[in-house]
1. If you filter region 73-135 for GluC sites (Glu not before Pro), then keep DSSP loop positions with at most 10 other Cβ within 10 Å, what is left?
2. Kindly provide the trypsin sites (Lys or Arg not before Pro) of region 274-351 that DSSP labels as loop, not H, G, I, E or B, and whose Cβ sees at most 10 other Cβ atoms within 10 Å.
3. How much of the accessible area of region 261-309, probe 1.4 Å, is carbon plus sulfur, in whole percent?
4. Do any trypsin sites (Lys or Arg not before Pro) in region 171-237 lie in a DSSP loop with no more than 12 other beta carbon atoms within 10 Å, and if so, which?
5. Please turn the phi angles of region 285-300 into ³J(HN,Hα) values with the Karplus equation 6.51 cos²θ - 1.76 cosθ + 1.60 (θ = phi - 60°), one per residue in order, whole Hz, x for glycine and proline.
6. Below 8 Å between Cα atoms, with a sequence gap of 6+, how large is the relative contact order for the chain in percent?
7. Could you give the nm distance between label points at Gln153 and Gln77, where each point is 7 Å from its Cα heading toward the beta carbon?
8. Among (i) 1.09; (ii) 1.00; (iii) 1.04, which one is Rg/Rh (Cα atoms, Kirkwood Rh) computed from these coordinates?
Amino acid sequence: MSKVLIACVWLLGSAYGAMAHATSVVFLNPGMSTETFWVSYAQFMQAGAKDLGLHLRVRYSERDTRNTLNQAREALQGSERPDYLVLVNEQYVAPQILRMAQGSGVKLLIVNNALTADQVQLLNARNDADVMGSMVANDEQAGYLMLTDLLRQHGPAKPGESIDLLAFSGTKTTPAAQLREKGLRRALAEHPEVRLRQLVSGEWSRQRAFEQAVLLFKRYPQTALVWSANDEMALGAMQALQDSGRVPGQEVLFSAVNSSPQILQARLDGRLSTLVAGHFTLGGWAMVLIHDDAKGVPIDAHGGRDRQEALFQLIDATQAQRLLAPAAPVDFRALSAVGKPASYRYPFSLQLLLR
């Protein structure tokens, strides 16, 4: 065999070996494969995985927990198990997946919706070596920020009068929805002049929120503020107001969470008064934690096992325009804690995308 051929075989073998040993990750995406938030979430996650040399596979549940459980079973009990499984405790599905994972050798990381206190107690999950930990955003703060910013823009109530509010929360069995609602309640406690006329579960759906809002605007014609736990519900409620002949952003002020192109455009147009965003980056930051764990850096070495990241922030018109533009690539490798001092803290923030 010639030296050239030997060299080629060696190079091919090296490349194959690098691919074969790439850390593998499966993400159980709870959303729809056509859902703007969860698609953009997965795209940012893929960008992080690629930059960090991870092999990531995304499985969409299409918002059906039966699909999630089947996908988890395949990943954890099948013949080709990943090194890591990333999951969301959407509709409280995590305990069943954790039970499946016992003895699988697959490490688990929970994002966006962590285990509830009751689930932790029942599962004693913190003592399960296969559970790396969790990483969530500050959802309670997001709910609080939305109402306080709406009130700032609305201005004080007239003496003896109140400010009527409608609220659209997400799926009841989703910790993030509950936390955002908790933030709403905190803001309400600070502003007794606000009268919450009704809080409904829009289940993250534009169509459901539209149908609810058609009835609610008729029932409460003096509504001045609308608080929505995501962008889809806000867009549905805004459409209902427009269909009634009124103007969003003028006669009624709206708020929303997320950064889909439609909601960013609504923020620029003034139809949406308050926007909070940033948590779509969680999956990307999770890739950094997995990369570091695979390199021998434990998750609790630089900020704790169960992490709450301050990712949500109010988005002004300039930032909305920036988020609508093609994003500059993030240097995920530079965020790694590998080789960093013990005092290093991961600088996860939406600002990394707004520079």
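The values are calculated or read from the model by the stated rules, or taken from the named source; none is laboratory data. Keep in mind the model is a prediction, meaning the values are calculated, not measured. Every residue, glycine as well, gets a Cβ built from its backbone with ideal geometry; the counts of neighbours run over all protein chains shown. Accessible surface is based on the protein model in full, side chains and every heavy atom, while ligands, DNA and RNA are left aside. Shrake-Rupley method; radii C 1.70, N 1.55, O 1.52, S 1.80 Å.
1. Here the GluC sites (Glu not before Pro) that fit, given the DSSP loop and packing criteria, are Glu80.
2. Answer in residue order: Arg345.
3. Exposed carbon and sulfur together represent 41 percent of the surface.
4. Lys172
5. Each residue of region 285-300 in turn: 5, 4, 4, 5, 4, 5, 4, 5, 4, 5, 8, x, 9, x, 4, 8 Hz.
6. The normalised contact order for the chain reaches 17 percent.
7. Roughly 4.9 nm, to one decimal.
8. Label of the calculated value: (iii).
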